Amino acid sequence: MSCRVLSGKNCVVTCVYGMRTHPVTGVYKLHNGVDVVGTGYTLALITAHTAGTVEYAGYNSVLGYHVNVRLSNGDMMQYNHMTAALQVATGDTVKQGQIIGTMGSTGSSTGAHLHFGIQRNGEWIDPEPYLYADYLEDEMTYEKFCEYMIRYEAERNAKPAGYAQKTWDRLKKAGILDGSRPCAPIERREFGLVIERLGLVKEA
Ligand SMILES: [Zn+2]
């Protein structure tokens, strides 16, 4: 199974959603989406996660070449930093899995990756749980959303040691520990996650 925003590849998350120091501006603020590259840290074609209408396809100096897709439930999905070769235009309708562009490093970016965001009721939410998930295939109710989150947490908690090792490996591979990754320095959330999962600190 490939990640729903990359054509034929799994997603490697290089920067999670959350507060961080921006690598270009140095400002501490919310990283309002998730940064991904393809398996093995490779480039990929970008595919629409979910069907919708292209509300905007174009360029600005921060987001680079980007596409905003409005879904039927009112949510908005955003795909940033693509190359100039966008495959859709403002006003187009897109199907799930349709190629919308190519991974790039345009706008405020230090290396080729896809920044993927989901905006719900005007607020950016954490899109990581949805990278592989059927999203709005049919109506997403609050109950279904809770159910999904519980399953996501349960899978993560099923093998805490394995999850810790995976996260640790991911941090190392992404260059977080040597400061070379695009999203350095390590976020409090990531650090806390690893420490907790490795069981290095006992609860008081
Ligand atoms: Zn990003």
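What is the packing order of peptides 5-14, 27-36, 55-64, taking the mean over residues of other C-beta atoms within 10 Å and listing the highest first?
5-14, 27-36, 55-64
Taking amide hydrogens as modeled 1.01 Å from N in the peptide plane, which residues meet the under 5 Å criterion relative to GLY101, leaving out close sequence neighbours?
Hits under the 5 Å cutoff: ILE46, GLN87.
Give the accessible surface of the range 1-61 per residue, rounded to a whole number of Å², with probe radius 1.4 Å and ligands, DNA and RNA excluded.
For the range 1-61, the per-residue accessible area is 43 Å².
Given a 1.4 Å probe and every protein chain left where it sits, what share in percent of the accessible area of the range 1-66 is carbon and sulfur?
60
The values are calculated or read from the model by the stated rules, or taken from the named source; none is laboratory data. Predicted, not measured: the structure shown is a model, and the values here were computed from it. In this analysis, Cβ positions are derived from the backbone assuming ideal geometry, glycine residues included, and neighbour counts consider all displayed protein chains. Side chains included, ligands, DNA and RNA excluded: accessible areas come from the protein's heavy atoms. Shrake-Rupley method; radii C 1.70, N 1.55, O 1.52, S 1.80 Å.
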